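Notes to accompany the following structure.
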Amino acid sequence: MKILEKFKIGKCKDIPCEDGWVVTSHYAAVVDGSTAKIKLAEGQESPGHLAMRLVCGAIELLPAEASKEEVLIALTRTLAEDLTYSKSLYRPTCSAVIYSRYHNEVWFIGDCQARWKGKTYHYEKRVDHILTDIRCQVVNHYLRHGSTEADIRANDKGRAFIYKALCEQLHFQNDPDRTNPYRYPVIDGQSIDPDLVPSLPIGNVHELILTSDGYPEVHDTLEITEQRLKEILEKDPLCICENPSTKCLVEGNRSFDDRTYLRLEI
C-alpha cells in the first residue's frame, strides 16, 4: 500500500486532535476518539485521545491474516487492559475504519467512513440521527425567538439541550441485548458483537479513501473534500441544514469536528 494523501487536524488549535491514522504492510485505518464527556485537568490526556493512541498502536501489531473477529478482540483487549480512566463512568472510546489487505475488506467499527469507486460508505448511529434532529429543532426554535447565529456559535443551546443524552448514550455502546435498536459498536474495552461491524469487500480497487466523520462529504481528492467542507461550513456554521450535527462550528474553531483524510494506492 502506498500513501497518496494524508491529512489530520483538530477542530480547535488549543486541543490535541483525537483523530489518528495508521498504515502498515497489512492494514490501513483511521481512528476517531470520542469527545470527552468529563472535565479534564490541565494537561490531562482526554479519554478519546488515549483510546485513539492505544488502538493505533495495537493495529500496528496485528497479525496479517487476523480475522475481523480476532481484530475486534485484540483492539478491545487493548482498551480493557488500560486503567487510566478505570474510576470514570465515561470510559475511553473510539471508532475506526480498518482495511485488511489480506482479506481485502473494510471493517466499520462506528461512524468513520470509506470511499472507493466513487461511492462513500458511512454507517451512522441511530441514536445520533435522533439527537441531531432534536438539536436542530431546538436551534431553529431559538433562532425564531430572537437568538442570532453568533449567539448559537458562542453558546449552543441545542447541544446543551441534548448533552445529558449524549453522555447517557454510552449505555448503548456494545450492548449485548440484540433487541435494543439503538445499540452500536465502538472500541471501548467491552466485547463487540461482530454482527454489528459491517464488512465490505472492495474487490479490484486501485485507490481507497478512509476518513473520520469530520467530513460531511468525502470526495476522491483531499483538495475537493476540503473545499466542500469549507463551502458547507460557510453556508451552515450552525450545522442544522447542509450538515446537520450534534454540534456546531464554535466561534474560533477550525471546524465542527476533528478530521482525518487518508488516500491509498492499493
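Taking the helices alone, the chain has a mean residue ellipticity at 222 nm of -9000 deg cm²/dmol, built from -39,500 (n - 2.57) per DSSP H run of at least 4 residues and averaged over all its residues. In a simple Cβ point-charge model (Lys, Arg +1; Asp, Glu -1; nothing else charged), the chain has a dipole of about 340 debye relative to its Cα centre. Amide H to amide H distances under 5 Å link LEU4 with ARG263, LEU264, GLU265, where only residues 5 or more positions off or on other chains count and H is placed in the peptide plane. To the nearest µm²/s, what D does Stokes-Einstein give for segment 123-257 at 10 °C and 1.306 mPa s, using the Kirkwood radius over alpha carbon pairs as Rh? Using the Kirkwood radius from Cα pairs, D works out to 93 µm²/s. Rolling a 1.4 angstrom probe over the chain with all protein chains present gives an accessible area of which 50% lies on carbon and sulfur atoms.
Largest first, the three principal axis extents of the alpha carbons in segment 13-144 are 55, 41, 27 Å in whole numbers. Counted residue by residue at 0.36 nm each, then reduced by the alpha carbon distance between them, the extension gain from LYS235 to ASP133 reaches 34.9 nm. Counted by Cβ distance under 12 Å from GLU223, the other residues give a net charge of 0, where Lys and Arg count +1 and Asp and Glu count -1. Per the Debye formula on identical point scatterers at the alpha carbon atoms of segment 1-65, with no solvent, log10 I(q)/I(0) at q = 0.24 Å⁻¹ is -1.05.
When both segment 23-53 and segment 164-199 are represented by their alpha-carbon centers, they are found 18 Å apart. Each Cα pair under 8 Å and six or more residues apart adds its separation to the average, and for the chain the resulting relative contact order is 28 percent.
Taken per residue, the accessible surface of segment 122-196 reaches 57 Å², heavy atoms only and a 1.4 Å probe.
Loop sites only, by DSSP: take the trypsin sites (Lys or Arg not before Pro) in the chain that have at most 13 other C-beta atoms within 10 Å and name the longest stretch containing none of them. The reported range is 179-266. By the rule of a C-alpha distance below 20 Å, with chain neighbours fewer than 8 residues away ignored, the aspartates and glutamates paired with LYS39 are ASP14, GLU18, ASP19, ASP82, ASP156, GLU168, ASP188, ASP257, ASP258. Taking the Cα centre of segment 182-226 as origin and assigning +1 to Lys and Arg Cβ atoms and -1 to Asp and Glu Cβ atoms, the resulting dipole is close to 240 debye. Here r is the Cβ-Cβ distance between ASP151 and GLN44 and R0 is 22 Å; the resulting FRET efficiency, rounded to 0.05, is 0.10. Across the chain, counting alpha-carbon atoms alone, Rg and Dmax equal 18.2, 59 Å. Below 8 Å between Cα atoms, with a sequence gap of 6+, how large is the relative contact order for segment 1-129 in percent? Contact order relative to length: 22 percent. With the convex hull drawn around the C-alpha atoms of segment 59-109, the volume per residue stands at 79 Å³. In the chain, a dipole from Cβ-located charges (positive for Lys and Arg, negative for Asp and Glu) runs towards its positive end, and of PRO63, VAL106, GLY214 it is GLY214 whose Cα lies farthest in that direction.
Within segment 72-142, the GluC sites (Glu not before Pro) that combine a DSSP coil assignment with at most 14 other C-beta atoms in a 10 angstrom radius are GLU81, GLU124. Cα centroid separation, segment 60-88 to segment 133-156: 40 Å.
Computed on segment 78-181, with alpha-carbon pairs under 8 angstrom and 6+ residues apart, the relative contact order is 17 percent. Against the chain, whose longest principal axis comes from its Cα atoms, helix 68-80 is set at around 60 degrees.
The values are calculated or read from the model by the stated rules, or taken from the named source; none is laboratory data. These numbers come from a predicted model, not from an experiment. Ideal geometry is used to build each Cβ from the backbone, glycine not excepted, and the neighbour counts take in all protein chains shown. SASA here: full protein model, heavy atoms, side chains in, ligands and nucleic acids out. Shrake-Rupley method; radii C 1.70, N 1.55, O 1.52, S 1.80 Å.
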